[in-house]
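Colleague: Quick one: the structure is below, questions incoming.
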Amino acid sequence: MSLPADTPPAVADVLGYLQHHLQELTECQNTSEHIINNTLAGLTAQIQQLTQLMTGPAPAPTVAPPPVTTSPLSVNPSSPVPSAPTKQRTRPKFPSLPDFSSERTSSRAFLNSCTLYLRLAPEQFSCDEEKIFWTLAFFKDGCAAKWSENLFRQKADTGIFPIQSWVNFEQQFRSQFFPVNAEADAINTLEGSSYYQENRTVDDYLDSFRILASDARYTDPRTLVVKFRRGLKLNVQSQIATMPFRRPADTDPEA
């Protein structure tokens with residue numbers, strides 16, 4: 001742009017500066033427009049590709065294969081039908097029995113333990129003789145070992161074991177090792193003072209008293225209560241006698 005000849009120099013300089021700056025801005029604008037146009041062109045191309053992917057032809061539907069028909073198996077009525085496998089029942093583990101040494105106080109408990117095992121595992125014994133031999137294996141000390149030795153000596157001499165059935169073995173065991181007169185022994189004990197509680201707990205004293213009362217065949221409630229309280233420690237007897245409420249009745253052994 002040409003300026004009039006009478007334009008002051010200062011104004012001419014300012015106008016020249018503005019003109020130059022305007023040219024720089026124009027060039028920057030052209031460059032920005034070029035960059036924007038290229039970016040828009042790239043975005044447009046990407047949008048078109050995405051549109052084609054999204055709106056492309058649908059895939060051909062898959063045809064399921066025809067079902068396979070199988071002919072029913074022919075069943076022979078005379079052939080046995082296999083049964084479902086049965087789950088084997090596990091048995092509880094039975095503790096090993098202690099050795100028996102002919103103590104009369106433990107003979108009843110020993111015989112009960114043997115009988116219980118024989119009933120829990122009957123498949124382990126094919127006959128009564130095996131049951132008897134298994135029981136005699138615990139006769140290792142005292143009179144019990146001598147009695148067992150005598151039985152096997154008779155078998156060696158005669159070729160026949162002298163006890164042929166488990167019932168007979170139980171009878172002879174009771175005759176040999178059970179208390180001779182358990183009822184009389186229990187009555188004598190309850191008439192004395194050896195059954196007293198002393199240093200035992202009440203629970204231990206109660207358990208032993210119940211066994212004695214059962215062996216003695218005591219059935220009278222008042223007798224049972226009197227003898228039980230007589231065997232208690234003096235301080236326990238005093239506590240029961242001075243109970244203000246819910247004092248156990250003299251005729252109720254379970255109280």
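Colleague: For region 150-183, which residues satisfy the criterion of being charged (D, E, K, R) and either on the phi > 0 side of the Ramachandran plot or exposed (fewer than 12 other Cβ atoms within 10 Å of the Cβ) (or both)? Working first, answer last.
Modeller: Step one: of region 150-183, the residues charged (D, E, K, R) are 153, 155, 157, 170, 174, 183.
Listed by number, the residues that qualify are R153, D157.
Colleague: Determine whether region 153-160 contains at least one residue that is farther than 30 Å from Y218 by Cβ and either of a type in the set (V, I, T) or at pLDDT below 90 (or both). First the steps, then the outcome.
Modeller: So the first thing to find is which residues in region 153-160 are farther than 30 Å from Y218 by Cβ, and the list is 153-160.
Filter once more, so that each one left must be either of a type in the set (V, I, T) or at pLDDT below 90 (or both): 158, 160.
Looking through region 153-160, at least one residue is farther than 30 Å from Y218 by Cβ and either of a type in the set (V, I, T) or at pLDDT below 90 (or both).
Colleague: Is it the case that N188 is modelled with pLDDT under 90, not in a loop (DSSP other than H, G, I, E, B) and not aliphatic (A, V, I, L, M)?
Modeller: Against the criterion (modelled with pLDDT under 90, not in a loop (DSSP other than H, G, I, E, B) and not aliphatic (A, V, I, L, M)), N188 does not qualify.
Colleague: Select from region 130-157 the residues that are touching a helix residue (DSSP H, G or I) at 6+ places or on another chain (Cβ under 9 Å) and touching a residue at least 24 places away in the same chain (Cβ under 8 Å) and list them in ascending order.
Modeller: Matches in region 130-157: K131, I132, T135, F138, F139, K140, C143, A144, W147.
Colleague: If you don't mind, another one. Here's a check for you: in region 209-231, which residue that is among the polar types (S, T, N, Q) and under 19 Å from N181 (Cβ atoms) is surrounded by the most Cβ atoms within 10 Å (Cβ to Cβ)?
Modeller: We begin by selecting, within region 209-231, every residue among the polar types (S, T, N, Q); these are 214, 219, 223.
After this cut, where a residue has to be under 19 Å from N181 (Cβ atoms) as well, the list is 214, 219.
On the way: S214: 12, T219: 9.
Checked region 209-231; the qualifying residue surrounded by the most Cβ atoms within 10 Å (Cβ to Cβ) is S214.
Colleague: When you look at I132, is it in a loop (DSSP other than H, G, I, E, B), hydrophobic (A, V, I, L, M, F, W, C), modelled with pLDDT of 90 or more and in contact with a Leu (Cβ under 9 Å, 6 or more places away or on another chain), yes or no? Write out each step before concluding.
Modeller: Details: in a loop (DSSP other than H, G, I, E, B): no; hydrophobic (A, V, I, L, M, F, W, C): yes; modelled with pLDDT of 90 or more: yes; in contact with a Leu (Cβ under 9 Å, 6 or more places away or on another chain): yes.
Here the answer is no, as I132 does not meet what is asked.
Colleague: For T115, state whether it is closer than 30 Å to N235 by Cα, in a helix (DSSP H, G or I), free of Cβ contacts under 8 Å to residues at least 60 places away in the same chain and not aliphatic (A, V, I, L, M). I'd like the intermediate steps shown before the answer.
Modeller: Values: closer than 30 Å to N235 by Cα: no; in a helix (DSSP H, G or I): yes; free of Cβ contacts under 8 Å to residues at least 60 places away in the same chain: yes; not aliphatic (A, V, I, L, M): yes.
So T115 does not fit the description; no.
Colleague: Related question: Considering only region 139-152, state which residues are part of a loop (DSSP other than H, G, I, E, B) and either at pLDDT 95 or above or of a type in the set (D, E) (or both).
Modeller: First, pick out the residues of region 139-152 that are part of a loop (DSSP other than H, G, I, E, B): 140-141.
Once the filter is applied, which keeps residues that are part of a loop (DSSP other than H, G, I, E, B) and either at pLDDT 95 or above or of a type in the set (D, E) (or both), region 139-152 yields only D141.
The values are calculated or read from the model by the stated rules, or taken from the named source; none is laboratory data. Source: prediction; values computed, not measured. A quick note on method: Cβ atoms are made from the backbone with ideal geometry, for glycine too, and the neighbour counts reach across all protein chains shown.
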